[in-house]
Amino acid sequence: MIISIKKEKALNVKKSTHNAKKWCLVHIGNDITYGLAFVAAELLKHKHKIMWLDGDDKIDELNKKIKDFSPDYVCFGPLSTEFKRSLELVDSFKKTLHSLKSVFGGKHVLAIPDEIKKNENIDYLVWGPVYETIDKIINSPPKTYIKGSPTFPHNMQPALKEYFEQVPRMGKRERKYIMSHFGCVYNCSFCCTSLTRQSYGPKAYTEYWLARRPIKNMIDEAKLFLKFYTKEVSFEDDDVLYDTHEGAEGTRWLKKFTELWKKEINLPMFANVTPQTVVNASNEALVALADLVETVQMGVQTTQGDSSRLFNRHFQDEAQVIEACKILTEHGIKVKLEVIVGLPNIDGLVPDPVTDSVRTIQMCQELRTLLFLRAQLVGHRDGIWISGLLALICKQQNWQPWSCEGNSGTCPG
Ligand code: SF4
């Protein structure tokens, strides 16, 4: 659905037709719950009351807070790895407060809504953005599936102050997050980005998800980081060099952003890039990036021809990764490569996962980059198999793994 700017503005000032409700937002895990901070902002904008909980606290303490605050709704936006804990919590909270309704949104819901709907303790599923969902939740019976409407990035400002204050370990987290837009130009086979693009259509996706936020909004957001303990800010766009090829608008944006960031915030930054945008980026954009960050993480996943096809990243090969590393290094930017090993042999594309993994890691060694090695996401479901694969690779290469227990391992490339 595409809304005209005029109509969209009208929607944003539309008054809620109900009394204020109480909402509890639950943080889980060690990553910033950035998505729920936008939910918090939307709730506050409509004059609701909110309370944040750290879902990793002891369940008795959490239940006491639920009892004291007595919320109408409890909201979760879990990643897949946090879903189990969300279910434990919602089960316990509902026993403490029988009138409580649960609302689930976020990436895990986006990926497998039909599966999640089956859970009896989940009352509302919100698919997509939070915008225009609050009144629908209040006015709909439980077991309603609600699809959010997109809004322009200039309307999207997270409410982080309450989050940082009420979940202090996140307020004190050394690395905070910031994003300039909320989409991605790629279509990796293991990622739910494609679902959003398909559902809202490519035109709306470009207009709403790929448009950048006003720089002032980002600077205002980051001023809060200066009031909390922050040593570094992660520029969490999937690709900070998106749209920075010669003559594209992104170069001007990145230069302006860098200038204002240095002037107003001046916290060290870390950003994500991809080989394809690095090799196509204008020199001006690379110079601005070098001024902004010390290190980038380059999402490579795999470099071999067939396994790249498995990920739907066939446009990227080893030569492009090597070229991208060379360009970044020449600009004084340190590179951390993110690769995935232990691929499943789907459609016969990875008949020899050990050789595929070793070759990918050897390339990282040859490039002398930092290395983040992932084996948990798309690997074989059997953790023992993954563990065995990592152990085998480390043994073959005489590497000392940091962790090789079927979860993730960082080897000194
Ligand atoms: S680059 Fe990242 S966000 Fe984009 S489609 Fe691939 S995995 Fe998803």
- Query: Got a number for residues in region 175-186 being open to solvent by 30 Å² or more (accessible area, probe 1.4 Å) and within 14 Å of the ligand (Cβ to nearest atom)?
  - Reply: 3
- Query: Of the residues that sit in region 339-360 and are among the hydrophobic types (A, V, I, L, M, F, W, C) and touching a strand residue (DSSP E or B) at 6+ places or on another chain (Cβ under 7 Å), which one is surrounded by the most Cβ atoms within 10 Å (Cβ to Cβ)?
  - Reply: VAL341
- Task: Answer with yes or no whether PHE152 is of a type in the set (Phe, Trp, Tyr) and either within 16 Å of the ligand (Cβ to nearest atom) or crowded, with 20+ Cβ neighbours inside 10 Å (or both).
- Result: no
- What number of residues within region 315-338 are of a type outside the set (Val, Ile, Thr) and open to solvent by less than 10 Å² (accessible area, probe 1.4 Å)? 5
- Task: From the list ARG252, ARG197, pick out the single residue that is open to solvent by 10 Å² or more (accessible area, probe 1.4 Å), within 16 Å of the ligand (Cβ to nearest atom) and not hydrophobic (A, V, I, L, M, F, W, C).
- Result: ARG197
- Do we find a residue being touching a helix residue (DSSP H, G or I) at 6+ places or on another chain (Cβ under 6 Å) and among the β-branched types (Val, Ile, Thr) anywhere in region 137-153? yes
- Would you call ALA288 more than 14 Å from the ligand (Cβ to nearest atom) and open to solvent by 30 Å² or more (accessible area, probe 1.4 Å)? no
- Note on the structure: The condition of being at pLDDT 95 or above, open to solvent by 50 Å² or more (accessible area, probe 1.4 Å) and either in a helix (DSSP H, G or I) or at positive phi (or both) holds, among ASN266, ASN312, only for ASN266
- Of residues in region 158-174 being surrounded by 17 or more Cβ atoms within 10 Å (Cβ to Cβ) and not in a helix (DSSP H, G or I), the one nearest to the ligand (Cβ to nearest atom): PRO158
- Message: Out of ILE66, ILE134, ILE122, I need the residue that is within 20 Å of MET170 (Cβ to Cβ) and open to solvent by less than 20 Å² (accessible area, probe 1.4 Å). Which one?
- Response: ILE66
- Sort through LYS84, LYS101, LYS95 and tell me the only one that's surrounded by fewer than 16 Cβ atoms within 10 Å (Cβ to Cβ) and in contact with a helix residue (DSSP H, G or I) (Cβ under 9 Å, 6 or more places away or on another chain). LYS95
- Query: Given GLN304, GLN276, which one is open to solvent by 10 Å² or more (accessible area, probe 1.4 Å), within 14 Å of the ligand (Cβ to nearest atom) and not charged (D, E, K, R)?
  - Reply: GLN276
- Query: Regarding SER189, is this residue in a loop (DSSP other than H, G, I, E, B), surrounded by fewer than 17 Cβ atoms within 10 Å (Cβ to Cβ) and either within 12 Å of the ligand (Cβ to nearest atom) or not β-branched (Val, Ile, Thr) (or both)?
  - Reply: yes
- Note on the structure: Here the residues within region 201-253 that are within 22 Å of ILE32 (Cβ to Cβ), among the hydroxyl-bearing types (Ser, Thr, Tyr) and in a loop (DSSP other than H, G, I, E, B) are TYR229, THR230, TYR242
- When you scan region 42-124 for strands (runs of 3 or more DSSP E) that lie fully inside it, which ones turn up with 3 or more residues that are hydrophobic (A, V, I, L, M, F, W, C)? 49-54, 73-76
- Message: Looking at region 255-275, I want the residues that are of a type in the set (Val, Ile, Thr) and have a partner that is in a loop (DSSP other than H, G, I, E, B) with Cβ atoms under 8 Å, at least 6 apart or on another chain. Which pairs are those?
- Response: VAL273/ASP239; VAL273/VAL240; VAL273/LEU241; THR274/TYR186; THR274/ASP238; THR274/ASP239; THR274/LEU241; THR274/GLN316
- Query: Only one of (1) touching a Ser or Thr at 6+ places or on another chain (Cβ under 6 Å); (2) more than 12 Å from the ligand (Cβ to nearest atom); (3) open to solvent by 30 Å² or more (accessible area, probe 1.4 Å) is not met by GLU207, so which one is it?
  - Reply: (1)
- Is it fair to say ILE146 is without any contact (Cβ under 8 Å) to a residue 24 or more places away in the chain and touching a Ser or Thr at 6+ places or on another chain (Cβ under 7 Å)? yes
- Message: Name the residue that is least open to solvent (accessible area, probe 1.4 Å), counting only residues in region 220-244 that are more than 16 Å from the ligand (Cβ to nearest atom) and closer than 14 Å to PRO153 by Cβ.
- Response: GLU221
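The values are calculated or read from the model by the stated rules, or taken from the named source; none is laboratory data. Quantities reported herein were computed from a predicted structural model and do not represent experimental measurements. We place every Cβ from the backbone using ideal geometry, glycine too, and count neighbours over all the protein chains shown. Ligands, DNA and RNA are stripped out before the accessible areas are found, and what is left, the full protein with its side chains, is counted by its heavy atoms. Shrake-Rupley method; radii C 1.70, N 1.55, O 1.52, S 1.80 Å.
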